[in-house]
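Trainee: Questions regarding the structure given below will be posed in turn.
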Amino acid sequence: MVSRKIAVVAALALGAAACGGGGSSSTSGGSSGAPASSAAAAKPLQGTKIEIAAKWTGDEQKSFQKVLDAFMAKTGATVTYASTGEDTGAYLGPRIQGGNPPDVAVLPQPGLVQQYADQGALKPLSDAVQTQIDQNYTPYWKELGSASGKVYGVLVKAAHKSLIWYRQGAFDDAGASPATSWDDLMSKTAQTLSDSGTAPFALCAASGWTLTDLFENVYLSSAGPENYDKLSKHEIPWTDPSVTTALQKIQMLFGKKEMMLGGSSGALQTDFPTCVTQVYGQKKAAMVIEADFVASSAVQSGAKVGEDAKIMPFPKAGDTDPVILGGDVAVAMKDNPGAMALLEFLASKEGGEVWAKNPGYLSPNRNVSPDNYPDELTKQLAQTIIQAGESVRYDMSDLAPSAFGGTDGKGEWKDLQDFLRNPTDIKGAQQALESDAAKAFNK
Amino acid sequence: MSSTAPAPGGTIAAGSADIVETAKAPRQLGPSPKMAIGFLAPALILLVAWVIYPIVYSIWRSLFGSNDSDFVGLSNYGAIFTDSSTLTTIRNNIIWVVVAPLVVTTLGLIFAVMTERIRWATAFKLILFMPMAVSLLAAGVVFRLVYEQDPDKGVANAIITTVHDAFASSAGFPGARPRENDQAPAALQGGAVVTKGATTLVPLVGINPQTLASAAQAGQPPADGGTVWLDVVRGGGGAVNQIDPQEKALAGLTVEALSGGKVVATATTADDGTYHFPGLTKGSYSVRLPADNFKAPFGGLTWLGPTLITPAIIGAYIWVWAGFAMVLISAGLAGIPRDALEAARIDGATEWQVFRRITVPLLSPVLLVVFVTMIINVLKVFDLVFIIAPGSVQPQANVIALEMWRVSFGGGGNQGLGSALAIFLLILVLPFMFFNIRRFRRDEG
């Protein structure tokens, strides 16, 4: 999820490169050469080669490499990291078809776990890995990585999606203050900002997933966790009145062109990191509704997290305080000891704490102490996840089949973009969502 | 076809029959059949492995659903023609095929004929041919920037807005509006600001006070008029609907006095935001600020919006391929007999007539080859659309080749439907392929 940060153009270029069969970069493996002779017995996987594919690039890849290095030093295995590019499905699909999948893959959506499990492309996790999961995760997360009763995946990296980032300078100029309810956010905070001549929101509507994140927060808050679970599984239709209520709340934002920078047409051309630049770089807007990973784009735009780039929890649009996580699920695509050992390490407290000491990482592992994180903000976020415990929900669009919840120009992404384009037609939006969902879920 | 000359594709058996018939002919002209097979084998193996087998497998795969074990017959092909988003891709492909090859060939012809006449022809051709050296992916990235909405970033809109502003400059305060609540003394009516009844104060909001730093302070309303000012204080605070000391005036706005629905007087706000209606009784009129005062500056065209996206991408495509067409056509132009042109000129034909009646007919074989090659090329367009169209307009810009990739690998995971789309695309391309091959053969013969 987090590599969505990359400018869309660069990401597309990466995706295309991955298509061509490239994009695989070998790690230096510096740790496996010299100490090979010292203690063969202590390193059970000496000489084993493991390939892991994930979508992280740049700093995230560097942080993850530290974890792999620790694993290699511990076990003696050689781990090769392959970048899948922006579109993990497009990278893995041909490799699965060709009978040459990586040993371990990190899927950006649990929806893919179900999809690949149905295709028989995944191997059930060994008992050792499951023990780690039972120790370190609440049952909700275990269920998330399971398909038809078998445990296939472990959530290794989380993203906190119930945040609104704001620019302190804009709030000071307008005399606005963070809101605790959606209605206040719209009628007080945003209105005050708009009156002062600053666009309240920079929406990144060209990246459809930002709109699904917004919808999910509003829906979880207004309809409650039970309805949220039902809608996630398509047990209630998208034409349900609870969806109408949520879309009416969103209409308060979408329906007024002063609410967003450039009106809906401008917003629909703005992709994800650009909207953060509009807030913190160009200082044209005051707020951006997205997850914790906004931080790195904000820093790139010259803002200081905690001083001018601040967060407020996503305000209540109903009775529930929404806490929604995204995250990446690691799965085994080959059943071998190397793959299982790597997954065991990633699911463990030990692996999580190595990772947590590096920037840009948030662990869903409840035994990874928040003290490991390098900055105050991440500590805070980690605590909210641990405290929320059972009531946290996973990003709904990522739970859906990716044809509905995760494809550019299709399904929920497209339907919410169309709703932004034509915000008066709630009924039409619901019907479009329902017909696309029905198609994707019946497959 | 006559019996003496075996067809180019004739079988080896037919060739040996010829040898038996004409006993006096030299024993063998070419290598022995065995040797021929030996030499053909590598090419044949590659052809089978990389062309024939994938096509056959795609046809086979297209009869199955997303899971390659459930047979669905022809229903994938039915889905192509019933799904509205796939129909959009077909519509877009038709637009592409109708517009792009014609424009590319025409531009190529114009450039080729022009460059014959100019001194620096080689340099000119080199520049026009340059985009061919850029990968389509990079060209897409470049044009994504060219078409940016913000004139500060996108070259296309920078040009358009510059030209536009040379003729019509924008004035006033775009974005300024009254507060939206019942206490506000004015409200929006069709873009204009109209006061609710008689008032002397017209407070507006929606402008950043820092942009008005150099403006004068708002003055108190005069006896025969009122004040238009920005009712916003930096950092919040200030009395709403009251003129506070640090609040700035909005100068240069047109103000109309309305009485009984008619404009009875017009004035312009002074530097301190005040306006005067001498001769009108105070309280007998309401005030209207026409919409012209708040017109947003012209921001150029929304190239990357749903309506213009396909023409915009075709523009990028033309930029890449026009140079290629020009090079092919000017090669053909070099082969035209000069005496035909000279004869026409001596007979008194104008240059246009020479071009119409001599050059174009003599060039027509080359033009046709370029045109048909472009059609084939355009049918499988993928990368430019993939890169230039933002996510929100991908559905409107989508083409068959991109849809094929998306449904098979890009999240859809339905390689059955993807294969069906691939075969559909192959069927569309085939007639043009045959046409081109037949032409080449005729030219060789």
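Trainee: Hey, rough spin-label estimate for B:SER364 and A:THR131, points 7 angstrom out along Cα→Cβ, what's it come to in nanometres?
Mentor: It works out to 8.4 nm between the two label points.
Trainee: I'd like the FRET efficiency for B:LEU40 and B:ALA121, computed as 1/(1 + (r/R0)^6) with the beta carbon distance as r and R0 of 41 Å, rounded to 0.05.
Mentor: The formula returns an efficiency of 0.45 here.
Trainee: Under 20 Å from a label point 7 Å along Cα→Cβ of B:GLN246: give me every residue in the range A:171-214 with its amide N that close.
Mentor: A:171-178, A:192-199, by backbone N distance to the label point.
Trainee: Still on this structure, I have one more. Nearest 20 debye, what's the magnitude of the dipole of the range B:45-142 about its Cα centre given +1 on Lys and Arg Cβ and -1 on Asp and Glu Cβ?
Mentor: 540
Trainee: Ranked highest first by average number of other Cβ atoms within 10 Å, how do A:328-340, A:155-167 line up?
Mentor: A:155-167, A:328-340
Trainee: Further, regarding this structure: Let me check against my output: what whole-number percent is the relative contact order of chain A, with C-alpha pairs under 8 Å and at least 6 apart?
Mentor: After rounding, I find 23 percent.
Trainee: Further question: Relative contact order for the range B:189-240: what is it in percent, counting Cα pairs under 8 Å that are at least 6 residues apart?
Mentor: 40
Trainee: Enumerate the helices in chain B for which the Kyte-Doolittle hydropathy averages 0.0 or more and the C-alpha atoms extend at least 30 Å along the helix's axis, using complete DSSP H runs.
Mentor: B:84-117, B:309-334, B:415-444
Trainee: At 0.36 nm per residue, minus the direct Cα-Cα distance, what do B:LYS295 and B:ARG91 gain on full extension? Give it in nm, one decimal, please.
Mentor: The span from B:LYS295 to B:ARG91 would gain 69.8 nm if fully extended.
Trainee: Here is a further query. Using only atoms on other chains, find how many Cβ atoms lie within 10 Å of each Cβ of peptide A:81-88 and report the average.
Mentor: For peptide A:81-88, the averaged partner shielding equals 1.
Trainee: Now for a separate question. Local charge sum around A:ARG393 (other residues, Cβ-Cβ under 9 Å, Lys/Arg +1, Asp/Glu -1)?
Mentor: -3
Trainee: Let me ask something else. Mind giving me the FRET efficiency for B:LEU63 and A:ASP172? R0 is 51 Å, r the Cβ-Cβ distance, nearest 0.05 is fine.
Mentor: In this case the efficiency is close to 0.20.
Trainee: Provide a whole-number value for the mean count of partner chain Cβ atoms within 10 Å of the Cβ atoms in peptide A:192-199.
Mentor: Other-chain Cβ atoms within 10 Å of each residue's Cβ, averaged: 6.
Trainee: Could you work out how far apart the two model spin labels at A:LYS439 and B:SER135 are, taking each label as a point 7 Å from the Cα in the direction of the beta carbon, and quote it in nm?
Mentor: Taking the two extended label points, one gets 3.2 nm.
Trainee: State the extension gain, in nm to one decimal, for the chain segment bounded by B:PHE71 and B:LYS196, taking 0.36 nm per residue of separation less the distance between their alpha-carbons.
Mentor: 38.0 nm
Trainee: Under the 0.36 nm per residue contour assumption, what length would be gained going from the current alpha-carbon distance of B:THR268 and B:SER84 to full extension?
Mentor: 60.8 nm
Trainee: Any idea what angle helix A:8-19 forms with the longest principal axis of chain A, computed on alpha-carbon atoms, 0 to 90 degrees, nearest 10?
Mentor: The helix A:8-19 is inclined about 30 degrees to chain A.
Trainee: Distance between Cα centroids, the range B:119-179 to the range B:208-247: provide it in whole Å.
Mentor: After rounding, the separation between the Cα centres reads 39 Å.
Trainee: Follow-up question, since we're still on this one. Mind putting a number on the dipole of the range A:371-431 about its Cα centre? Charges go on the C-beta only, +1 for Lys and Arg and -1 for Asp and Glu, and I need it in Debye to the nearest 20.
Mentor: Computed charge dipole of the range A:371-431: roughly 280 debye.
Trainee: In degrees from 0 to 90, rounded to the nearest 10, what is the angle of the helix A:208-232 Cα long axis to the longest principal axis of chain A?
Mentor: Approximately 90 degrees, to the nearest 10.
Trainee: How shielded is A:164-175 by partner chains, expressed as the average number of their Cβ atoms within 10 Å of its Cβ atoms?
Mentor: Rounded to a whole number, the mean comes out at 2.
Trainee: With r as the distance between the Cβ atoms of A:GLN119 and A:GLN300 and R0 = 30 Å, compute the FRET efficiency 1/(1 + (r/R0)^6) and round to 0.05.
Mentor: The pair A:GLN300/A:GLN119 has a calculated efficiency of 0.20.
Trainee: Could you tell me which of B:TYR285, B:ILE59, B:LEU230 has its Cα farthest along the dipole of the protein assembly as shown towards the positive end, charges placed at Cβ (Lys, Arg +1; Asp, Glu -1), taken about the Cα centre?
Mentor: Toward the positive end, the furthest listed residue is B:ILE59.
Trainee: Just need log10 I(q)/I(0) for the protein assembly as shown at q = 0.07, 0.10 Å⁻¹, Debye formula, equal scatterers on the alpha-carbon atoms, no solvent, rounded to two decimals.
Mentor: -0.71, -1.19
Trainee: On alpha carbon coordinates alone, what is the Rg over Rh value for chain B, Rh being the Kirkwood radius?
Mentor: My calculation puts Rg/Rh at 1.21.
Trainee: With a bin width of 5 angstrom, please list the P(r) values of the range B:186-294 as percents of all Cα-Cα pairs, from the 0 bin to the one holding the largest distance.
Mentor: Spelled out per bin, shortest first, that is 2, 13, 24, 26, 18, 10, 4, 1, 0.
Trainee: Separate question: Calculated from DSSP H runs of 4 or more alone, at -39500 (n - 2.57) each and per residue, what is the 222 nm mean residue ellipticity of chain A, nearest 500?
Mentor: The helix-only estimate for chain A comes to -13500 deg cm²/dmol at 222 nm.
Each value in this text was obtained by applying a stated rule to the coordinates, not by laboratory testing. None of the values given here were measured: they were computed from a predicted structure. Neighbour counts are summed over all protein chains in view; Cβ atoms, including those assigned to glycine, are modelled from backbone coordinates with ideal geometry.
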